[in-house]
1. So for region 89-97 (the condition being touching a Ser or Thr at 6+ places or on another chain (Cβ under 7 Å) and free of Cβ contacts under 8 Å to residues at least 24 places away in the same chain), does at least one residue qualify?
2. For region 39-88, give me the residue count where each residue is touching a helix residue (DSSP H, G or I) at 6+ places or on another chain (Cβ under 9 Å) and touching a residue at least 60 places away in the same chain (Cβ under 8 Å).
3. If we keep just the residues of region 54-96 that are among the small types (Gly, Ala, Ser), under 28 Å from Ala106 (Cβ atoms) and exposed (fewer than 13 other Cβ atoms within 10 Å of the Cβ), which is farthest from the chain's Cα centre (by Cα)?
4. Among the residues of region 97-120, count how many are more than 23 Å from Thr76 (Cβ to Cβ) and surrounded by 13 or more Cβ atoms within 10 Å (Cβ to Cβ).
5. Can you pull out the residues in region 1-53 that are at pLDDT 80 or above, small (Gly, Ala, Ser) and either closer than 30 Å to Leu126 by Cβ or surrounded by fewer than 10 Cβ atoms within 10 Å (Cβ to Cβ) (or both)?
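The values are calculated or read from the model by the stated rules, or taken from the named source; none is laboratory data. Since the model is a prediction, treat every value here as computed from it, not as a measurement. Reconstructed Cβ throughout: ideal geometry from the backbone, glycine too, with neighbour counts over all protein chains shown.
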Amino acid sequence: MATENSQAQDAESLDSATPEAIEAASIGSQLQHLVADVRTLAEAELAYYQTKLSVNMSATKTVLMLFGAGLVIGITGAIALILGLLLIMTHYWGPVAATALLSGAALLVTTILVNMALKRARKLPLDENDQ
(Lines give C-alpha, C1' and ligand atoms only; values in the text may rest on other atoms or scores of the structure.)
Protein backbone atom coordinates (compact mmCIF):
# COMPACT_ATOMS: atom_id res chain seq x y z
CA MET A 1 0.00 0.00 0.00
CA ALA A 2 2.83 2.35 0.91
CA THR A 3 4.59 1.52 -2.36
CA GLU A 4 1.44 2.37 -4.36
CA ASN A 5 1.09 5.69 -2.51
CA SER A 6 4.71 6.57 -3.15
CA GLN A 7 4.31 5.59 -6.81
CA ALA A 8 1.22 7.77 -7.10
CA GLN A 9 3.06 10.69 -5.49
CA ASP A 10 6.05 10.12 -7.78
CA ALA A 11 3.73 10.04 -10.80
CA GLU A 12 2.09 13.30 -9.74
CA SER A 13 5.45 14.92 -9.20
CA LEU A 14 6.67 13.75 -12.62
CA ASP A 15 3.52 15.02 -14.32
CA SER A 16 4.03 18.50 -12.93
CA ALA A 17 7.81 18.46 -13.06
CA THR A 18 10.05 20.28 -15.49
CA PRO A 19 12.07 18.34 -18.08
CA GLU A 20 15.22 18.80 -15.98
CA ALA A 21 13.54 17.21 -12.98
CA ILE A 22 12.33 14.30 -15.08
CA GLU A 23 15.86 13.69 -16.35
CA ALA A 24 17.13 13.76 -12.80
CA ALA A 25 14.66 11.07 -11.68
CA SER A 26 16.25 7.66 -11.32
CA ILE A 27 15.91 5.05 -14.03
CA GLY A 28 14.38 2.68 -11.49
CA SER A 29 11.68 5.20 -10.67
CA GLN A 30 10.93 5.75 -14.34
CA LEU A 31 10.73 2.00 -14.93
CA GLN A 32 8.30 1.69 -12.02
CA HIS A 33 6.09 4.34 -13.62
CA LEU A 34 6.32 2.60 -16.97
CA VAL A 35 5.33 -0.75 -15.47
CA ALA A 36 2.41 0.87 -13.60
CA ASP A 37 1.21 2.57 -16.80
CA VAL A 38 1.46 -0.67 -18.79
CA ARG A 39 -0.44 -2.54 -16.07
CA THR A 40 -3.17 0.12 -16.08
CA LEU A 41 -3.41 -0.04 -19.87
CA ALA A 42 -3.62 -3.86 -19.84
CA GLU A 43 -6.39 -3.79 -17.23
CA ALA A 44 -8.33 -1.21 -19.25
CA GLU A 45 -7.97 -3.25 -22.45
CA LEU A 46 -9.09 -6.40 -20.64
CA ALA A 47 -12.18 -4.65 -19.26
CA TYR A 48 -12.97 -3.24 -22.73
CA TYR A 49 -12.83 -6.64 -24.45
CA GLN A 50 -14.83 -8.30 -21.65
CA THR A 51 -17.57 -5.72 -22.12
CA LYS A 52 -17.46 -6.08 -25.89
CA LEU A 53 -17.72 -9.87 -25.64
CA SER A 54 -20.67 -9.55 -23.26
CA VAL A 55 -22.53 -7.28 -25.70
CA ASN A 56 -21.81 -9.59 -28.64
CA MET A 57 -22.96 -12.65 -26.71
CA SER A 58 -26.21 -10.92 -25.81
CA ALA A 59 -26.89 -9.95 -29.42
CA THR A 60 -26.00 -13.46 -30.61
CA LYS A 61 -28.39 -15.03 -28.10
CA THR A 62 -31.17 -12.75 -29.34
CA VAL A 63 -30.55 -13.74 -32.96
CA LEU A 64 -30.52 -17.45 -32.09
CA MET A 65 -33.72 -17.17 -30.06
CA LEU A 66 -35.46 -15.37 -32.93
CA PHE A 67 -34.22 -17.96 -35.40
CA GLY A 68 -35.36 -20.84 -33.19
CA ALA A 69 -38.78 -19.32 -32.55
CA GLY A 70 -39.25 -18.58 -36.24
CA LEU A 71 -38.22 -22.10 -37.15
CA VAL A 72 -40.59 -23.77 -34.68
CA ILE A 73 -43.54 -21.54 -35.55
CA GLY A 74 -42.85 -21.86 -39.25
CA ILE A 75 -42.72 -25.64 -39.14
CA THR A 76 -45.84 -25.93 -37.02
CA GLY A 77 -47.82 -23.52 -39.16
CA ALA A 78 -46.59 -25.06 -42.36
CA ILE A 79 -47.61 -28.54 -41.28
CA ALA A 80 -51.08 -27.44 -40.24
CA LEU A 81 -51.56 -25.39 -43.39
CA ILE A 82 -50.27 -28.10 -45.67
CA LEU A 83 -52.39 -30.81 -44.17
CA GLY A 84 -55.53 -28.69 -44.17
CA LEU A 85 -55.11 -27.34 -47.66
CA LEU A 86 -53.91 -30.65 -49.00
CA LEU A 87 -57.14 -32.27 -47.97
CA ILE A 88 -59.14 -29.54 -49.67
CA MET A 89 -57.03 -29.15 -52.82
CA THR A 90 -56.66 -32.87 -53.47
CA HIS A 91 -60.33 -32.99 -54.30
CA TYR A 92 -59.98 -30.28 -57.01
CA TRP A 93 -56.45 -30.67 -58.43
CA GLY A 94 -55.36 -34.14 -57.53
CA PRO A 95 -52.82 -35.27 -54.99
CA VAL A 96 -49.62 -34.51 -56.97
CA ALA A 97 -50.42 -30.91 -57.90
CA ALA A 98 -51.79 -30.10 -54.45
CA THR A 99 -48.71 -31.54 -52.73
CA ALA A 100 -46.31 -29.66 -55.03
CA LEU A 101 -48.09 -26.35 -54.56
CA LEU A 102 -48.27 -26.55 -50.78
CA SER A 103 -44.71 -27.84 -50.36
CA GLY A 104 -43.46 -24.89 -52.43
CA ALA A 105 -45.38 -22.45 -50.24
CA ALA A 106 -43.92 -24.00 -47.07
CA LEU A 107 -40.40 -23.73 -48.47
CA LEU A 108 -41.02 -20.08 -49.36
CA VAL A 109 -42.05 -19.23 -45.79
CA THR A 110 -39.01 -21.07 -44.41
CA THR A 111 -36.69 -19.20 -46.78
CA ILE A 112 -38.10 -15.84 -45.70
CA LEU A 113 -37.61 -16.61 -41.99
CA VAL A 114 -34.04 -17.90 -42.48
CA ASN A 115 -33.16 -14.80 -44.52
CA MET A 116 -34.48 -12.56 -41.74
CA ALA A 117 -32.27 -14.38 -39.20
CA LEU A 118 -29.22 -14.17 -41.48
CA LYS A 119 -29.77 -10.46 -42.05
CA ARG A 120 -29.74 -9.87 -38.29
CA ALA A 121 -26.68 -12.10 -37.86
CA ARG A 122 -24.73 -10.07 -40.42
CA LYS A 123 -25.41 -6.91 -38.41
CA LEU A 124 -23.67 -8.29 -35.31
CA PRO A 125 -20.64 -6.18 -34.37
CA LEU A 126 -18.09 -9.01 -34.32
CA ASP A 127 -15.14 -6.96 -35.57
CA GLU A 128 -13.82 -3.96 -33.68
CA ASN A 129 -13.74 -1.98 -36.95
CA ASP A 130 -17.50 -2.48 -37.42
CA GLN A 131 -19.62 0.04 -35.60
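1. no
2. Counting residues in region 39-88 that are touching a helix residue (DSSP H, G or I) at 6+ places or on another chain (Cβ under 9 Å) and touching a residue at least 60 places away in the same chain (Cβ under 8 Å) gives 3.
3. Gly94
4. Residues that pass the stated criteria total 0.
5. Answer for region 1-53, where residues must be at pLDDT 80 or above, small (Gly, Ala, Ser) and either closer than 30 Å to Leu126 by Cβ or surrounded by fewer than 10 Cβ atoms within 10 Å (Cβ to Cβ) (or both): Ala42, Ala44, Ala47.
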